[in-house]
Amino acid sequence: MPLLVYIDGELLPEDKAKISVFDHGLLYGDGIFEGIRIYYGGIFKLREHVDRLYESAKIIRLEIPMDKDKLMNEVIRAVRANKLKEGYIRLVVTRGVGDMGLDPRKCKRPSIIIIVTPMPRFIGKPIRAIISSIRRMPYQCLPPHAKTLNYLNNILAKIEAITAGVDEAIMLSLDGYVAEATGENIFLVKNDTLITPPTSAPILAGITRASIIELSEKLGIPVAERPVTPDELYTADEVFLCGTAAEIRPVVEIDGRTIGSGEVGPVTRKIIDHFDEYIRMHLTPVYTT
Ligand code: PMP
């Protein structure tokens, strides 16, 4: 059965789901998005994702043409139409159709796109990484807290990882501190404390990151949000990445150095073991019984 894609209120079969070549989302990457997981027939942290979308919109001065409650209902409608109980939602708002110039005032109405698609679980699957030579965009260039359609910076880092034959690239800030991976936040464990760069670093304020901080505190694992240097990653007991799509992925090698034992460490394991329970407590049900 083809997927049904939501575009501006309509649910279209995927081969008919098209937007204009004059949309500034395509021409200039002018737009914002969210990636959201569907688990057990519910949407994980839907409210938090929609809140962040509106914050991204505010940062780039884009007016989403409906209110938050209506948008949440449209997301639920799109998931229901696809009858998926597990999967992934890509919620995109583009600046809309304009002319050849940059001027966003020419774009009369933003377009809302909701793609719902199956996605496998990745939680617990170990990966290898490099530290990229491409730095994460600083505040002065593009506000990192806005989840915009401008991912070329991250894609260049990802290409570097692929060229190096590993799975992921870790990006540093311009001043050389650890920021995040290309589509995930990063944590390290040292002496049983969980450490992660603060949101004042050039990172996306990840919803999975916040979930892990909350869960770890409940589990009695101390958490420190502070600047992290690249060498601290090499000598960490454990490192993992986290994000909506990736979930929680242990990093067992960085730049050819084995991290800790080279296996999934005990603190990461503990968090992974409790994550499912945490997910179940934060679901917006899609299918009414
Ligand atoms: N950083 C970047 C650059 C991302 O694209 C993502 C994925 N949205 C994340 C971090 C993780 O954020 P979240 O946990 O909200 O998916």
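Residues in the range 89-101 include none that are more than 28 Å from Val264 (Cα to Cα), of a type in the set (S, T, N, Q), without any contact (Cβ under 8 Å) to a residue 24 or more places away in the chain and outside the structural domain of Ala246 (by TED's automatic domain parsing).
Keeping to the range 160-174, report how many residues are of a type outside the set (Val, Ile, Thr) and either outside any strand (DSSP E or B) or at positive phi (or both). Explain how you work it out, then say what you get.
Kept after step one, since they are of a type outside the set (Val, Ile, Thr), are these residues of the range 160-174: 160-161, 164-165, 167-169, 171-174.
Checking which are either outside any strand (DSSP E or B) or at positive phi (or both) leaves us with 160-161, 164-165, 167, 173-174.
Matching residues across the range 160-174 total 7.
Residues of the range 183-210 that are polar (S, T, N, Q) and surrounded by fewer than 23 Cβ atoms within 10 Å (Cβ to Cβ): Asn191, Thr193, Thr199, Ser200, Thr208. Taking first residues from the range 228-242 that are within 16 Å of the ligand (Cβ to nearest atom) and partners that are modelled with pLDDT of 95 or more and hydroxyl-bearing (Ser, Thr, Tyr), the Cβ contacts under 7 Å between residues at least 6 apart in sequence or on separate chains come to Val228/Tyr177; Phe240/Thr268; Cys242/Thr208.
Taking the range 175-217 as the search range and keeping residues that are among the polar types (S, T, N, Q), within 19 Å of Glu34 (Cα to Cα) and assigned to a loop (DSSP other than H, G, I, E, B), which one is farthest from the ligand (Cβ to nearest atom)? Within the range 175-217, the match that is farthest from the ligand (Cβ to nearest atom) is Thr199.
Restricting attention to the range 208-215, does a residue exist that is more than 29 Å from Val50 (Cβ to Cβ), at pLDDT 95 or above and either of a type in the set (Lys, Arg) or over 16 Å from the mean Cα position of the chain (by Cα) (or both)? No, the range 208-215 contains no residue that is more than 29 Å from Val50 (Cβ to Cβ), at pLDDT 95 or above and either of a type in the set (Lys, Arg) or over 16 Å from the mean Cα position of the chain (by Cα) (or both). Could you check, for the range 146-168, whether at least one of its residues is among the basic types (Lys, Arg), surrounded by 17 or more Cβ atoms within 10 Å (Cβ to Cβ) and in contact (Cβ under 8 Å) with a residue 40 or more places away in the chain? Within the range 146-168, one or more residues are among the basic types (Lys, Arg), surrounded by 17 or more Cβ atoms within 10 Å (Cβ to Cβ) and in contact (Cβ under 8 Å) with a residue 40 or more places away in the chain. So in the range 25-49, with the set limited to residues that are part of a helix (DSSP H, G or I), more than 16 Å from the ligand (Cβ to nearest atom) and within 22 Å of the chain's Cα centre (by Cα), which one is surrounded by the most Cβ atoms within 10 Å (Cβ to Cβ)? So the residue we want is Gly25. When Arg90, Arg95 are screened for being away from the ligand (no atom under 16 Å from the Cβ), at pLDDT 95 or above and touching a Gly at 6+ places or on another chain (Cβ under 7 Å), only Arg95 passes.
The values are calculated or read from the model by the stated rules, or taken from the named source; none is laboratory data. Keep in mind that what you see is a predicted model, and the values were worked out from it rather than measured. Cβ: placed from backbone, ideal geometry, glycine included. Neighbour counts: every protein chain shown.
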